[in-house]
Amino acid sequence: MADPYQSGAAGAVKFVAKRSVLASVAVVLQGTIHNRGLALIHPQSRCVREKEIFEFMVAEDEGAGPGKIANSVRYLGFAEVAIGGNIRVGDKVLCDGKLLGWVAGFDETHMPNHLNVALKASEEAPAIEKTMNLRSILQFIMEENS
């Protein structure tokens with residue numbers, strides 16, 4: 001069977017509700033790589049397990065999303081999942097209760113070691129990034145009507 005995301009069949013399945021995923025920041029990163037070539041996969045959701053580590057970053061390219069390439073990538077850190085579940089493109093991402101951005105897509109370059117979660121940053125993101133620390137908590141929340 002063809003990939004339901006590439007064929008468009010996945011659009012027939014709607015997420016009615018999902019619990020928030022919580023993760024604690026384990027590593028804080030700073031820096032941007034241009035010409036990164038981050039290949040965001042077609043699937044628009046990924047499951048994460050308790051204790052799993054993932055990397056999170058900002059895809060600065062306009063239009064970054066599933067099936068696209070992100071070249072300008074700002075690295076934020078790694079986080080450990082405290083409450084597992086499903087992370088979806090479009091989920092709102094809070095850092096210590098403040099809007100960091102929205103999930104833009106996923107990259108599997110480093111799998112099975114870790115998943116990359118790419119974000120589109122909010123306007124407040126640069127200020128939030130400066131205060132992010134090893135006690136910071138990330139929350140991935142389903143946007144209504146997404």
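What's the number of the only condition in (1) within 26 Å of Lys14 (Cβ to Cβ); (2) within 15 Å of the chain's Cα centre (by Cα) that Ile69 fails to meet?
Only one criterion is unmet by Ile69, namely (1).
For the stretch 20-59, enumerate the residues that are modelled with pLDDT of 95 or more and of a type in the set (D, E, K, R).
Correct list: Arg46, Arg49, Glu50, Lys51, Glu52, Glu55.
Restricting to strands (runs of 3 or more DSSP E) lying wholly in the stretch 48-112: which have 2 or more residues that are closer than 18 Å to Glu144 by Cα?
Per the criteria, 85-88, 92-95, 98-107.
Could you list, ordered by first residue, the pairs with Cβ atoms under 7 Å in which the first is in the stretch 28-41 and farther than 23 Å from Ile137 by Cβ and the second is basic (Lys, Arg) and in a strand (DSSP E or B), at least 6 apart or interchain?
Pairs found: Thr32/Arg74.
Suppose we filter Gly85, Gly77 for residues that are on the phi > 0 side of the Ramachandran plot and buried (at least 19 other Cβ atoms within 10 Å of the Cβ); which single one remains?
The match here is Gly77.
Looking only at the stretch 19-40, count how many residues are part of a loop (DSSP other than H, G, I, E, B), under 14 Å from the mean Cα position of the chain (by Cα) and surrounded by fewer than 17 Cβ atoms within 10 Å (Cβ to Cβ).
1
The values are calculated or read from the model by the stated rules, or taken from the named source; none is laboratory data. From a predicted model like this one, the values you see are computed outputs, not experimental measurements. Cβ sites come from the backbone with ideal geometry, for glycine too, and all protein chains shown count toward neighbours.
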